[in-house]
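Asks: Pasting in a structure now, in C-alpha cells, and then I'll have a few things to ask.
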Amino acid sequence: MEEKAKMKLNQKFAIGIDLGATTVKAGIVSTTGIVVDQISADAKANHGPSAVIQQISFVIQELLGKHKNSNCIGIGIGAPGMVSAVDSFVHHPPNFTDWSRVDVGGEIRKKFKLHVEIENDANCAAVAEARFGVGVEFKNFLFVIWGTGVGGGIILNRKIFRGPNGGAGEIGHVSIDYNGRLCNCGNYGCIESYIGQRYLSQRTKEILRNIPADRTDNHLYKLVGGNLNKIEPSIISQAAELGDPIAISILEEAGTLLGAALASTMNVIDVSVVVIGGGVSAVPAFVYDAVIKSLRSRVLKPHKDNIHVLRAKLGNTAGIIGSASLVM
Ligand SMILES: [Zn+2]
C-alpha cells in the first residue's frame, strides 16, 4: 500500500472533489486512478452556497500547497443533486440550504484558473468503477449506490449516460409497487423507500421490539448491547454472518426487492451487468445471490443467461477517483 501511494516528482495528477451534505472530501489522484493524498472539511451545507464554495476552495488550496502545481491537469467535482450537462450548475442538492441553482464549476474555475469539470456524485462513482474498478471489463453496466438512499449511474460504451438534463440513472426511484410506501420524491413504492439504510434499520428495530420472548440471546440484540438505536446495516450484516435469522431474512428480502427494481431497468436499457457500491454494499454475499435470483426470475428471456451482479471495488474513494477522472 505504502509503495502504491507514493507519487513521482513529475507525475501528472488531478484533484478530485467529493461534495456531500456533511463533508467535502478531496484527493490528489494519479492518472492511474490511485489516491495519493487526501483531505476533508466540513461542507457547511446549511450556511448557503458561498460558504460551501469557500470550503471546496479551501481543500483544493490545501492540496495544491503540498504538491507541484504545474503537474495538476485539472479539478473534477462530484456534487449531489442534478448537475447540468450544458453548463456547470448544480441544481437543488438535497440537504443544502438556500440552494436552487449555483455555478459551482464556474466559481472554482475562476478561482484556480484550471480545467474544471463537474458531474453528479453517483455518476462520478460509476465512472470510477468503469475506469479503474470492477467495471473495467464491461463496456455497459448499471451502477447502484446503496446507502442512505439508493442512487445510480448508467455506463454505456464505457461512458456515463447523463440524459439531456444530467438526471439519468435514478434507479432509487424505480417503483416496485404503485400503491406502496410514499417516497420523498412524491411517488409511491420507490425502491429507495424499501431498502435505503434508514428503512432497513427501522424495520429491523420494529421486528426486534415485537419479539415477545427473551431477546437477550438474539445476535442483533447482543451486538448493540440492547440499545436498538444503534442498529444499522453494518450491524445487521454482522448478525447475518453469525447466522441470525431475522438479520438474514431482512437482508435477503432487500436483495430480492432490489432485484425487482433492477429487472425493470435491465429490460428498459438492455444492460445485464450491475455493479453495487455505497455504504450498504458491504452486505454478505448471500444478498448478492438474492439479487441475482430475483433478477433471473423477472428479466426478459434474452437477459437471463448474461446477468452479473458485482460488488464495487473502490469503496469510499470512488467519489474522489471518479470526479478526478472527469479531467483525465
Ligand atoms: Zn422516489
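The values are calculated or read from the model by the stated rules, or taken from the named source; none is laboratory data. The model shown is predicted, which means the values in this text are computed figures rather than measured ones. All Cβ positions, even for glycine, are placed from backbone atoms using ideal geometry, and neighbour counts span all protein chains on display. Keep in mind that these areas ignore ligands, DNA and RNA; they rest on the heavy atoms of the full protein, side chains included. Shrake-Rupley method; radii C 1.70, N 1.55, O 1.52, S 1.80 Å.
Asks: So what's the back-of-envelope 222 nm ellipticity for the chain, counting only DSSP H runs of four-plus at -39500 (n - 2.57) apiece and dividing by all residues, rounded to 500?
Replies: Details: 11 runs with 121 residues, N = 328.
Result for the chain: -11000 deg cm²/dmol, rounded to the nearest 500.
Asks: Could you report the chain's accessible area per residue, 1.4 Å probe, as an integer in Å²? Write out the running numbers ahead of the final one.
Replies: Details: 15540 Å² over 328 residues.
Accessible surface, normalised per residue, equals 47 Å².
Asks: Cα centroid distance between the range 164-236 and the range 90-143, in Å?
Replies: One Cα centre to the other: 27 Å.
Asks: Okay, next question. Using R₀ = 30 Å, calculate the FRET efficiency as 1/(1 + (r/R₀)^6) where r is the Cβ-Cβ separation of R296 and K205; round to 0.05.
Replies: Working: r = 32 Å, r/R0 = 1.06.
It comes out at approximately 0.40.
Asks: Each residue of the range 194-199 in turn: what ³J(HN,Hα) in whole Hz from Karplus with 6.51, -1.76, 1.60 and θ = phi - 60°, glycine and Pro shown as x?
Replies: Calculated HN-Hα couplings, in order: 10, 10, x, 3, 4, 5 Hz.
Asks: Which whole number of Å³ per residue matches the convex hull of the alpha-carbon atoms in the range 1-128?
Replies: On the way: hull volume 12.9 nm³, N = 128.
Convex hull volume per residue, Cα atoms: 101 Å³.
Asks: Could you tell me which chymotrypsin sites (Phe, Trp or Tyr not before Pro) in the range 93-195 are loop residues by DSSP with no more than 14 other beta carbons within 10 angstrom of their beta carbon?
Replies: Numbers: sites: F96, W99, F112, F132, F138, F141, F143, W146, F161, Y178, Y188, Y194; in loops: F96, W99, F138, Y178.
Sparse-neighbourhood loop chymotrypsin sites (Phe, Trp or Tyr not before Pro): Y178.
Asks: Write down Rg/Rh for the range 182-293, rounded to two decimals, with Rg from the C-alpha atoms and Rh from the Kirkwood relation over Cα pairs.
Replies: Details: Rg = 15.1 Å, Rh = 14.9 Å.
When Rh is taken as the Kirkwood radius, the ratio is 1.01.
Asks: Continuing with the same structure: Relative to the longest principal Cα axis of the chain, at what angle does helix 285-298 sit, 0 to 90 degrees, rounded to 10?
Replies: 80
Asks: Which whole-percent values make up P(r) of the chain when all C-alpha to C-alpha distances are grouped in 20 Å steps starting at zero?
Replies: P(r) for the chain, in whole percents per bin: 31, 55, 14, 0.
Asks: Another question, then. Which entries in K66/K113; K68/K113; K44/K313; K12/K68 show an alpha-carbon gap greater than 20 Å? Please list the in-between numbers first.
Replies: Working: K66/K113 18 Å; K68/K113 15 Å; K44/K313 29 Å; K12/K68 9 Å.
Pairs exceeding the cut-off: K44/K313.
Asks: I want to check a number: in the range 136-312, how many lysine pairs have alpha carbons closer than 15 Å, given a sequence separation of 8 or more or different chains? Write out the running numbers ahead of the final one.
Replies: Values: K139/K159; K205/K222; K205/K230; K222/K230; K293/K301; K293/K304.
Lysine pairs, 8 or more places apart or on different chains, close enough: 6.
Asks: Now for a separate question. With everything on Cα atoms, drop me the angle between helix 49-66 and the longest principal axis of the chain, reported from 0 to 90° to the nearest 10.
Replies: 70
Asks: Nothing charged except the Cβ atoms of Lys and Arg (+1) and of Asp and Glu (-1): what's the magnitude of the dipole of the range 136-312 about its Cα centre? Round to the nearest 20 debye. Please list the in-between numbers first.
Replies: Working: 18 positive and 15 negative charges, 77 e Å.
Its charge dipole is roughly 380 debye.
Asks: Give the residue list of trypsin sites (Lys or Arg not before Pro) in the range 96-169 that are DSSP loop and have at most 10 other beta-carbon atoms within 10 angstrom.
Replies: Here the trypsin sites (Lys or Arg not before Pro) that fit, given the DSSP loop and packing criteria, are K113.
Asks: Taking only C-alpha pairs under 8 Å that are 6+ residues apart, what is the relative contact order of the chain in percent? Can you show the working numbers first?
Replies: On the way: 705 pairs, mean separation 65.6, N = 328.
Computed value for the chain: 20 percent relative contact order.
Asks: To continue, here is another question. Take the chain, connect every pair of alpha-carbon atoms lying under 10 Å apart with a spring to form a Gaussian network, then pick out the residue of A240, A41, A312 with the largest mean-square fluctuation.
Replies: A41
Asks: Residue separation times 0.36 nm, minus the C-alpha to C-alpha distance between K230 and D177: what's the value? Before the final figure, lay out each step's value.
Replies: On the way: separation 53, 0.36 × 53 = 19.08 nm, distance 2.95 nm.
Going from the current span to full extension adds 16.1 nm.
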